[in-house]
Amino acid sequence: MSERTVPPFRADVVGSLLRPAALKEARAQRERGEITTEALRETEDRLILDAVRKQQSLGLRVVT
């Protein structure tokens, strides 16, 4: 049996990315009333896009 090292091959991606410090800080700021819910949402959306781009740059065909 030959080993496949390039797609397509069956693989399961297990794990998750760590929450960025910027997200933790934005959530803490929202809890303290220092930023609006809208500002928090904008930060979350930006950081989600960053995570997706990172996964795409690593060659993942499916991102979560």
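The values are calculated or read from the model by the stated rules, or taken from the named source; none is laboratory data. Because the structure is a prediction, the values reported are computed rather than measured. When we count neighbours, we look across all protein chains shown, and the Cβ atoms used for this are built from the backbone with ideal geometry, even at glycine.
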- prompt: Taking residue 17, is it touching a helix residue (DSSP H, G or I) at 6+ places or on another chain (Cβ under 6 Å), at pLDDT 75 or above and part of a loop (DSSP other than H, G, I, E, B)?
  reply: yes
statement: Of the residues in segment 19-59, those that are among the β-branched types (Val, Ile, Thr) and surrounded by fewer than 14 Cβ atoms within 10 Å (Cβ to Cβ) come to 36, 37, 48, 52
